[in-house]
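Taking it in order: structure first as structure tokens, then the write-up.
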Amino acid sequence: MLSVKDAEAIILNLVQPLDAQRDVEIVDLWAASDRILANPITSQLDFPHWDNSAMDGYAVRYEDVKQANAEQPAILEIIEEIPAGYQPKSTIQSGQAARIFTGAVIPAGADTVVMQERTRREENRVLILAAPQPQEFVRHKASYYQAGTQLLPPGIKLKAAEIAVLAAAQCPEVKVYRRPRVAIFATGDELVTPNTPLQPGQIVDSNDYALATLVRESGAEPLLLGIVKDNPDALQQTIAYAINNADIVLSSGGVSVGEYDYVDKILEALAAKIHIRAVEMTPGKPLTVASFPNQHSALYFGLPGNPVSALVTFWRFVQPAIKKLAGLAEGWEAKFVKVRSHDELRANGKRETYIWGRLYLINGVYEFHKAGGSHSSGNLINLAQTNALAVLPVGQTFISPGEEVQALLLANS
Ligand code: AMP
Ligand code: MG
């Protein structure tokens, strides 16, 4: 059986990222949050656009004030007031100053700003009470970035700071990768929708709901194909439709070795290449990963049906695959941190074991608290509020309270 690491490498290697020319769309900057930039952004402007003041104070000539102190202040005539947003009209001559405000343009002739806390105003004169540094509090034109320099590289996710950069660079519209399309369906004769009264033997399909949420959280668009019976024809039709209409296909259930587990056989009938059939992990051992060489670029994940297994395999393998496919240049890999375990954790040592729970920040240290209740992979209920999975590698059977453990972070950043 494949190790988790090997399975991860195979999957990430199979992912074909979206194309920076074809798979893009233009979005309004207001709607660009969390989208992935497809083009480098090059500045048409200098930053700052012109010499401006970093302080409220007085624009002066350094030569006039370099000897100033509280006993012998330099006394300058105020010839203009320059608020932010105005073009100065005069040129500062020796013995003159302009009242200036933060962000306002430095007038010709001035080279230094004295902050107002080091001055005293007397009608139309200002007394400079301390000598500034030469050019102090002047933000020089182009001193941050010159026109023509790259402000943002492609492949980054647009968050508040990047959106602000785009606004400042006068990009009211931006080219981003389209959202990956992820087809989702559940398989099983026992499954019904949440609004159906339960007959004996039936259970509610929760996987479709969980997976649709995770797909959206990962920045992709779910294509919801619903519940499919354990019927080879119906399954084949759905799978054929899904691989033609999505970048990634997620089914849940039907990938174990039971009589009614048809997914692998149908994939073979559709000429799929099956790369993974099982992974050495718990929960989540039955996992099918397939591609369709020379037919479609779609990547197929047959997730286990057990609700916990379906989510754990999504978090461990599918989420990184979606993020890589979506055009992110880096940071798509699963993220692990070393944390302190609050609880005793146990595993059988035979497979890599994922234990669900919650990280709490306690006195600056993250602590893992195992979820209460049964840790059966069929027990969906105690997954609620999970934000991390503690990971015990093969061979490790025990972590005692207070010991360090690796945790897979589930929060989407
Ligand atoms: P399977 O992998 O099809 O053998 O399913 C394993 C277990 O997961 C069975 O107990 C199923 O009833 C359950 N299961 C399968 N699909 C779903 C689903 N979509 N939602 C909730 N439970 C499911
Ligand atoms: Mg089933």
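Here is a check on your reading of the model: is Thr313 within 25 Å of Lys350 (Cα to Cα), out of contact with any Pro (no Cβ under 6 Å at 6 or more places or on another chain), in a helix (DSSP H, G or I) and not hydrophobic (A, V, I, L, M, F, W, C)? Break it down into steps so the answer makes sense when it comes.
On the way: within 25 Å of Lys350 (Cα to Cα): yes; out of contact with any Pro (no Cβ under 6 Å at 6 or more places or on another chain): yes; in a helix (DSSP H, G or I): yes; not hydrophobic (A, V, I, L, M, F, W, C): yes.
Spelling it out, Thr313 is indeed within 25 Å of Lys350 (Cα to Cα), out of contact with any Pro (no Cβ under 6 Å at 6 or more places or on another chain), in a helix (DSSP H, G or I) and not hydrophobic (A, V, I, L, M, F, W, C).
Could you tell me whether segment 57-80 includes any residue that is touching a helix residue (DSSP H, G or I) at 6+ places or on another chain (Cβ under 6 Å) and of a type in the set (Asp, Glu)?
No, segment 57-80 contains no residue that is touching a helix residue (DSSP H, G or I) at 6+ places or on another chain (Cβ under 6 Å) and of a type in the set (Asp, Glu).
Restrict the check to segment 371-379 and report whether at least one residue is in contact with a helix residue (DSSP H, G or I) (Cβ under 6 Å, 6 or more places away or on another chain), buried (at least 20 other Cβ atoms within 10 Å of the Cβ) and polar (S, T, N, Q).
There is at least one residue in segment 371-379 that is in contact with a helix residue (DSSP H, G or I) (Cβ under 6 Å, 6 or more places away or on another chain), buried (at least 20 other Cβ atoms within 10 Å of the Cβ) and polar (S, T, N, Q).
Can you pull out every residue in segment 220-243 that is surrounded by fewer than 21 Cβ atoms within 10 Å (Cβ to Cβ) and touching a residue at least 60 places away in the same chain (Cβ under 8 Å)?
none
Quick one: which residue in Ser309, Ser297 is over 22 Å from Ala210 (Cα atoms) and in contact (Cβ under 8 Å) with a residue 60 or more places away in the chain?
Just one listed residue meets the conditions, Ser297.
Suppose we filter segment 1-50 for residues that are in a loop (DSSP other than H, G, I, E, B) and open to solvent by less than 30 Å² (accessible area, probe 1.4 Å); how many remain?
8
Among the residues of segment 192-202, is there at least one that is on the phi < 0 side of the Ramachandran plot, in contact with a helix residue (DSSP H, G or I) (Cβ under 7 Å, 6 or more places away or on another chain) and within 12 Å of ligand 1 (Cβ to nearest atom)?
Taking every residue of segment 192-202 in turn, none turns out to be on the phi < 0 side of the Ramachandran plot, in contact with a helix residue (DSSP H, G or I) (Cβ under 7 Å, 6 or more places away or on another chain) and within 12 Å of ligand 1 (Cβ to nearest atom).
I'd like the residue in segment 250-301 that is within 12 Å of ligand 1 (Cβ to nearest atom) and among the polar types (S, T, N, Q) and, out of all such residues, is most open to solvent (accessible area, probe 1.4 Å).
Here the residue is Ser256.
Out of segment 276-296, which residues are on the phi > 0 side of the Ramachandran plot and either in a strand (DSSP E or B) or within 16 Å of ligand 2 (Cβ to nearest atom) (or both)?
Passing the criteria: only Gly284.
The values are calculated or read from the model by the stated rules, or taken from the named source; none is laboratory data. Quick caveat: nothing in here was measured; it's all calculated off a predicted structure. All Cβ positions, even for glycine, are placed from backbone atoms using ideal geometry, and neighbour counts span all protein chains on display. Side chains are part of the model used for accessible areas, which takes the heavy atoms of the whole protein and leaves out ligands, DNA and RNA. Shrake-Rupley method; radii C 1.70, N 1.55, O 1.52, S 1.80 Å.
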